[in-house]
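Q: Below you'll find the structure I mean.
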Amino acid sequence: MSTAALRVVEREARVFRRLWRGTVFSAFVTPVLFLAALGLGLGGLVDEGGGRVAGLPYLVFVTPGLLAATAMQTAAGDALWPVMVGTKWARTFHAMVATPLRPRDVYTGLMAWTALRTTLAATMFLIVGAALGGVPSAWGLLAVPAAVLCGSAFFAPLAAYSATQHTEVAFPLIMRLGVMPLFLFSGTFFPVDQLPGWAQPVALASPLWHGVELARSATTGTFDGHSVIGHVLVLVGVLALGWYAGTCSWTRRLAG
Amino acid sequence: MASSPEALVEARSLTKRFGRHVAVDGVDFRIERGEAFGFLGPNGAGKSSTMRMIGCVSPVTSGELRVLGMDPAGDGPRIRARLGVVPQEDTLDTELTVSDNLTIYGRYFGLSRTVIRERADELLEFAKLTERRHDRVDPLSGGMKRRLTIARALINRPEALLLDEPTTGLDPQARHLLWERLYRLKQEGVTLVLTTHYMEEAEQLCDRLVIMDRGRIAGEGTPRDLVARHATREVVELRFRSASDLRAALPRLAGVAERVEPLADRVLAYTGDGDATAAAIADNGVHPAAILVRRGTLEDVFLVLTGRTLED
Ligand SMILES: Nc1ncnc2c1ncn2[C@@H]1O[C@H](COP(=O)(O)OP(=O)(O)OP(=O)(O)O)[C@@H](O)[C@H]1O
Ligand SMILES: [Mg+2]
């Protein structure tokens with residue numbers, strides 16, 4: 001990453017320092033509440049019934065799922081409305097590209113900032129998850145980079161897309177019809193083999209499923225070399241394609 | 001391109017197209033260091049499109065453009081590092097404080113925090129915002145935001161300041177304060193490149209200007225030259241009660257002045273001697289509702305060169 005993109009990270013950090021209180025809830029408190037409700041509440045019920053989910057206690061199953069899914073939601077949120085703010089409503093990105101920063105620096109810097117925040121939120125979440133007993137393996141630390149990679153694989157293409165938009169009308173639809181179903185059905189709360197047959201390939205095509213599987217390998221410390229490489233390749237591939245599209249669409253939008 | 005080293009900006013057949021729409025249609029101009037250079041033109045003339053190309057945030061469609069001796073296509077970041085930009089629409093971080101805005105912007109140029117702090121003090125003083133430095137930007141008045149934008153654009157000590165309609169939308173008092181600040185910058189030797197559709201602004205601030213209309217340059221020179229060349233020293237403005245009165249009077253106005261220009265609501269008579277022309281008009285039996293003798297201005301130049309008024 002260029003030093004120019006770091007300037008953007010620095011700006012975001014300064015904005016965050018002023019306004020962080022508003023974001024702590026969605027980034028940290030909400031996922032922990034989910035973890036408590038599902039992992040402890042629902043999980044207690046599942047485990048009482050003598051059941052295990054994919055061979056794991058439910059809390060252990062759901063912790064990495066929530067971790068990756070939260071990273072996806074954070075990234076999607078950052079990649080939609082804030083892009084409209086910067087390109088159209090407050091036009092702050094236009095101010096950036098009047099300096100030595102290039103559109104791609106702005107885009108890359110924002111992605112890096114989201115990754116940084118995801119790192120912090122995922123680490124805190126993991127600590128709480130571990131304290132509750134949801135992270136049996138010390139390899140679980142690797143779930144943080146897995147979640148960050150997963151988040152970035154969403155940020156890159158979504159922000160590439162939102163820079164082509166001149167109104168926000170499509171954004172709620174993307175959240176409701178795209179992000180929300182993925183959140184629920186990507187092996188986050190239950191294994192994808194519970195889905196009807198036709199839906200399974202769809203779930204497997206979801207970058208979130210790859211992120212969840214990767215995070216789950218880490219928190220449970222069970223690595224299958226082939227599938228780990230496969231998940232990483234898919235996520236890196238989506239990220240790379242998204243980033244390429246993003247450098248083009250951001251250049252067109254901010255310097256066209 | 002044969003460019004002598006001191007030209008700050010040089011454009012030849014500079015063209016900008018958006019799809020099939022031609023926003024800037026093959027313009028030539030040259031901006032020297034140390035001067036205040038203006039683009040005067042009505043809405044849609046292509047002023048912002050030109051400014052954005054100079055500011056290296058909009059690629060040239062065709063023609064040639066050199067800024068600070070470099071090519072915007074390849075050297076954008078290096079050129080922008082040496083320019084200050086005040087865009088037509090504010091782009092401030094409104095949820096942050098005045099001084100945060102300066103700091104953040106300075107960091108985009110890679111300036112150290114120490115340097116930024118020193119310059120910020122001076123610039124806040126210059127922009128008359130020292131007392132407001134810890135306040136959020138959002139509730140500031142339009143004039144204050146504009147001054148902050150100018151202060152911000154000066155944080156990198158630019159060799160030229162690009163101002164796109166610096167005072168549009170401000171009340172007269174705020175506008176005069178801004179003019180006074182810009183005049184001070186000019187005195188300090190900062191090159192100003194500005195666009196405006198206020199002829200008064202162009203007359204007050206510009207050493208030299210081009211008149212732009214529909215993507216083309218219709219005239220170029222100092223404000224005084226342009227008036228001398230295309231308008232007359234004085235202008236007699238005649239207002240009539242109705243359009244039919246106006247039309248009825250026209251035949252009797254022939255020959256009372258060097259040129260007679262009928263507009264929708266008034267008639268302009270271009271003349272070297274306004275009082276003599278006014279007398280001649282009365283002698284011809286024309287009695288308009290109101291008659292006014294004034295100096296020739298850039299507004300008149302624009303009308304003569306384009307056949308339209310600046311407000312069109
Ligand atoms: N991004 C764009 N896409 C399409 N057309 C554009 C774009 N930007 C400008 N135009 C068109 O180009 C022409 C010139 O616009 P420009 O903004 O340069 O004019 P201007 O002189 O700055 O006008 P104003 O006084 O309204 O700011 C206008 O017809 C405008 O609609
Ligand atoms: Mg404009």
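Q: Given the criteria closer than 28 Å to B:L185 by Cα, open to solvent by 10 Å² or more (accessible area, probe 1.4 Å) and of a type in the set (S, T, Y), does B:S62 qualify?
A: So B:S62 does not fit the description; no.
Quick grid of which residues meet (1) more than 12 Å from A:G151 (Cα to Cα); (2) surrounded by 24 or more Cβ atoms within 10 Å (Cβ to Cβ); (3) in contact with a strand residue (DSSP E or B) (Cβ under 7 Å, 6 or more places away or on another chain); (4) within 9 Å of chain B (Cβ to nearest Cβ):
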| position | (1), (2), (3), (4) |
| --- | --- |
| A:P64 | yes, yes, no, no |
| A:M72 | no, yes, no, no |
| A:A79 | no, yes, no, no |
| A:V85 | yes, no, no, no |
| A:M96 | yes, yes, no, yes |
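Q: Further question on the same structure: Looking only at region B:31-45, filter to residues that are within 15 Å of ligand 1 (Cβ to nearest atom) and open to solvent by less than 10 Å² (accessible area, probe 1.4 Å); which one of those is nearest to the other protein chains (Cβ to nearest Cβ)?
A: Per the stated criteria, the residue is B:F39.
Q: Going by the conditions given, is B:A278 of a type in the set (G, A, S) and either surrounded by 20 or more Cβ atoms within 10 Å (Cβ to Cβ) or in a strand (DSSP E or B) (or both)?
A: When the stated conditions are applied, B:A278 passes them.
Q: Further question on the same structure: Can you say whether B:G26 is within 16 Å of ligand 2 (Cβ to nearest atom) and either open to solvent by 20 Å² or more (accessible area, probe 1.4 Å) or part of a loop (DSSP other than H, G, I, E, B) (or both), as far as the supplied structure shows?
A: no
Q: Ok, one more. From the set of residues in region B:49-86 that are within 27 Å of A:M84 (Cα to Cα) and in a loop (DSSP other than H, G, I, E, B), which is farthest from ligand 2 (Cβ to nearest atom)?
A: The extreme case among them is B:A81.
Q: Further question on the same structure: Please go through region B:62-95 and give me each residue that is within 16 Å of ligand 1 (Cβ to nearest atom) and at positive phi, ordered by number.
A: Matches in region B:62-95: B:G63 only.
Q: State all residues of region B:87-104 that are within 16 Å of ligand 2 (Cβ to nearest atom) and either basic (K, R) or free of Cβ contacts under 8 Å to residues at least 40 places away in the same chain (or both); if no residue qualifies, say none.
A: The answer is B:E89, and nothing else.
Q: Return the residues of region B:65-83 that are without any contact (Cβ under 8 Å) to a residue 24 or more places away in the chain and either open to solvent by 10 Å² or more (accessible area, probe 1.4 Å) or outside the structural domain of B:P158 (by TED's automatic domain parsing) (or both); say none if nothing qualifies.
A: B:M70, B:D71, B:P72, B:A73, B:G74, B:D75, B:P77, B:R78
Q: State which residue pairs qualify: first residue assigned to a loop (DSSP other than H, G, I, E, B) and inside region A:124-142, second residue surrounded by fewer than 16 Cβ atoms within 10 Å (Cβ to Cβ) in any location, beta carbons under 6 Å apart, and separation of 6 or more residues or different chains.
A: Listed by first residue and then by second, the contacts come to A:S137/A:G221.
Q: For region B:150-216, give me every one of the strands (runs of 3 or more DSSP E) that falls completely inside it and has 2 or more residues that are more than 16 Å from ligand 2 (Cβ to nearest atom).
A: Here the list reads B:160-164, B:191-196.
Q: A:V15 fails exactly one of the following numbered conditions: (1) within 14 Å of another protein chain (Cβ to nearest Cβ); (2) within 27 Å of A:M175 (Cα to Cα); (3) without any contact (Cβ under 8 Å) to a residue 24 or more places away in the chain; (4) open to solvent by 40 Å² or more (accessible area, probe 1.4 Å). What is the number of that condition?
A: Among (1) within 14 Å of another protein chain (Cβ to nearest Cβ); (2) within 27 Å of A:M175 (Cα to Cα); (3) without any contact (Cβ under 8 Å) to a residue 24 or more places away in the chain; (4) open to solvent by 40 Å² or more (accessible area, probe 1.4 Å), A:V15 violates only (4).
Q: Considering only residues of region B:191-236 that are at pLDDT below 95 and hydroxyl-bearing (S, T, Y), which is farthest from ligand 1 (Cβ to nearest atom)?
A: B:T232
Q: Polar (S, T, N, Q) and at pLDDT below 95: which single residue out of B:S48, B:S62, B:S13, B:S3 fits that description?
A: The match here is B:S3.
Q: Out of all the residues in region B:89-105, is one or more out of contact with any helix residue (DSSP H, G or I) (no Cβ under 7 Å at 6 or more places or on another chain), of a type in the set (A, V, I, L, M) and assigned to a helix (DSSP H, G or I)?
A: No, because not a single residue in region B:89-105 is out of contact with any helix residue (DSSP H, G or I) (no Cβ under 7 Å at 6 or more places or on another chain), of a type in the set (A, V, I, L, M) and assigned to a helix (DSSP H, G or I).
The values are calculated or read from the model by the stated rules, or taken from the named source; none is laboratory data. Everything quoted here is computed from the prediction, not taken from an experiment. With ideal geometry, Cβ positions are generated from the backbone for all residues, glycine too; neighbour counts draw on all protein chains shown. Only protein heavy atoms, including side chains, enter the accessible area calculation; ligands, DNA and RNA are left aside. Shrake-Rupley method; radii C 1.70, N 1.55, O 1.52, S 1.80 Å.
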